[in-house]
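A.B. asks: Have a look at this one before I ask anything.
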Amino acid sequence: MPHAPHLRLLRVLSGSSQGELYRQIQFLKAENEVLRARIVGPVRVTARERYRLVRLARPLGAAIRDLVTIVKPATLMKWIKASDKKHKPKPSTRTPGRPRTPEDIRQIVLRIARETGWGYTRILGELKKLDIHVSRSTVVNILRQASLPTGPQRGEATWDQFIKSHAETLWACDFVQQRVLTLKGWKDAYLLVFVNVATRRAIATGSTEHPDAVWVARQASGFKSMTGLSGCRVLTRDSDTKFGKAFDEALRDTGVTPVHLPHCSPNLNAHAERFIQTIQTECLDRFIVMGCGHLDHLTSEYMVHYNNERPHSGIEHRVPDWEDRPIRLANPDGEVRCRTRLGGVLRCYEKAAG
């Protein structure tokens with residue numbers, strides 16, 4: 001049943017003379033051209049709309065070439081010929097235009113871009129190597145839709161990229177300052193701690209009340225022997241004046257590159273800072289430390305606990321020295337036992353061996 005505007009138009013046409021009909025058609029054609037000029041790009045029609053246009057255009061014959069504006073006359077003629085060969089088409093649920101790139105391919109493109117910072121040309125080559133064939137424009141469009149740069153990242157790497165690329169052989173160090181009670185009253189004692197960024201393994205030196213350049217340089221030489229020949233390649237440190245040139249030279253003599261961090265930037269040395277906070281809150285703050293000997297004992301016990309017994313969320317709740325632990329076959333139904341250190345201040349739990 002025609003809608004109300006169509007009924008009014010039919011009444012006007014049915015009551016008009018031939019001359020009036022000609023003028024009315026001219027007006028409608030001009031109006032259609034004005035409306036068409038307001039539309040940017042091609043007009044997409046559904047299958048049902050196409051069928052309606054074909055049904056109305058077929059009786060007009062060749063005259064339709066001078067009337068049609070929504071598409072090219074040749075396109076409309078193709079629609080008419082195609083409709084003669086098949087039945088009424090079913091409405092299509094697919095969005096007009098080119099089909100969307102499969103989601104799995106989109107995710108691969110985005111993953112490569114986020115993990116590498118490559119541009120679209122390099123990503124396209126990687127996709128071809130994976131036997132995934134898409135066009136250059138498809139990769140560009142996927143990156144733009146995700147607000148990712150289409151060109152490669154150039155210039156110096158970020159600090160986060162530096163950390164990730166050197167994690168296995170990257171260590172961080174800092175001083176632990178602890179008040180100790182001596183025969184001459186309260187004194188400040190110092191020890192130097194080193195933390196591996198990847199494994200979270202930590203090493204602590206012996207303590208001293210006089211961290212001069214000679215003592216600090218000696219700790220640098222001892223640190224290299226404790227990490228092994230290939231255990232450390234880069235060591236980050238803050239701008240504490242206690243380090244000095246002697247410390248850096250001792251590191252370079254052992255094949256380690258020191259990296260100086262800017263002033264007032266604790267976040268760049270987050271692994272060492274976090275370890276210092278941990279050892280203080282879990283161990284040192286719970287004791288009145290009686291001199292450097294007592295401090296060394298507390299630190300030694302805590303380092304065993306930290307590296308071999310204490311799980312870390314940053315490494316999937318494993319312990320730093322997990323690979324070095326002796327193989328012990330735990331009994332699934334065995335008794336859960338508690339192991340303590342320093343009078344129960346440090347605790348860990350494990351099942352009895354089978």
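The values are calculated or read from the model by the stated rules, or taken from the named source; none is laboratory data. Everything quoted here is computed from the prediction, not taken from an experiment. Every residue, glycine among them, receives a Cβ derived from its backbone with ideal geometry; neighbour counts consider all protein chains shown.
A.B. asks: Filter the stretch 301-319 for residues that are within 17 Å of residue 277 (Cα to Cα) and in contact (Cβ under 8 Å) with a residue 40 or more places away in the chain; which is surrounded by the most Cβ atoms within 10 Å (Cβ to Cβ)?
C.D. replies: So, considering only residues that are within 17 Å of residue 277 (Cα to Cα) and in contact (Cβ under 8 Å) with a residue 40 or more places away in the chain, the one surrounded by the most Cβ atoms within 10 Å (Cβ to Cβ) is 306.
A.B. asks: Can you tell me how many residues in the stretch 183-211 are without any contact (Cβ under 8 Å) to a residue 24 or more places away in the chain, on the phi < 0 side of the Ramachandran plot and not polar (S, T, N, Q)?
C.D. replies: Total satisfying the criteria: 6.
A.B. asks: From the residues in the stretch 231-278 that are of a type in the set (Gly, Ala, Ser) and in contact with a helix residue (DSSP H, G or I) (Cβ under 6 Å, 6 or more places away or on another chain), which one is farthest from residue 217 (Cα to Cα)?
C.D. replies: Filtering first and then ranking leaves 244.
A.B. asks: While we're looking at this one, here's another question. Within the stretch 100-113, is even one residue out of contact with any Asp or Glu (no Cβ under 7 Å at 6 or more places or on another chain), assigned to a loop (DSSP other than H, G, I, E, B), surrounded by fewer than 17 Cβ atoms within 10 Å (Cβ to Cβ) and at pLDDT below 80?
C.D. replies: Within the stretch 100-113 (the criterion being out of contact with any Asp or Glu (no Cβ under 7 Å at 6 or more places or on another chain), assigned to a loop (DSSP other than H, G, I, E, B), surrounded by fewer than 17 Cβ atoms within 10 Å (Cβ to Cβ) and at pLDDT below 80), the answer is yes, since at least one residue qualifies.
A.B. asks: Kindly indicate whether any position in the stretch 151-161 is at pLDDT 75 or above and part of a strand (DSSP E or B).
C.D. replies: The answer is no, given that none of the residues of the stretch 151-161 is at pLDDT 75 or above and part of a strand (DSSP E or B).
A.B. asks: Please count how many residues of the stretch 109-132 are touching a helix residue (DSSP H, G or I) at 6+ places or on another chain (Cβ under 7 Å) and acidic (Asp, Glu).
C.D. replies: Of the residues in the stretch 109-132, 1 are touching a helix residue (DSSP H, G or I) at 6+ places or on another chain (Cβ under 7 Å) and acidic (Asp, Glu).
A.B. asks: Which condition from (1) more than 22 Å from the chain's Cα centre (by Cα); (2) modelled with pLDDT of 75 or more; (3) among the β-branched types (Val, Ile, Thr) is the one that residue 93 breaks?
C.D. replies: Failed condition: (2).
A.B. asks: Now, a different point. Just to check your reading of the model, which residue among 343, 314 is modelled with pLDDT of 90 or more and not in a strand (DSSP E or B)?
C.D. replies: Exactly one of 343, 314 is modelled with pLDDT of 90 or more and not in a strand (DSSP E or B), namely 343.
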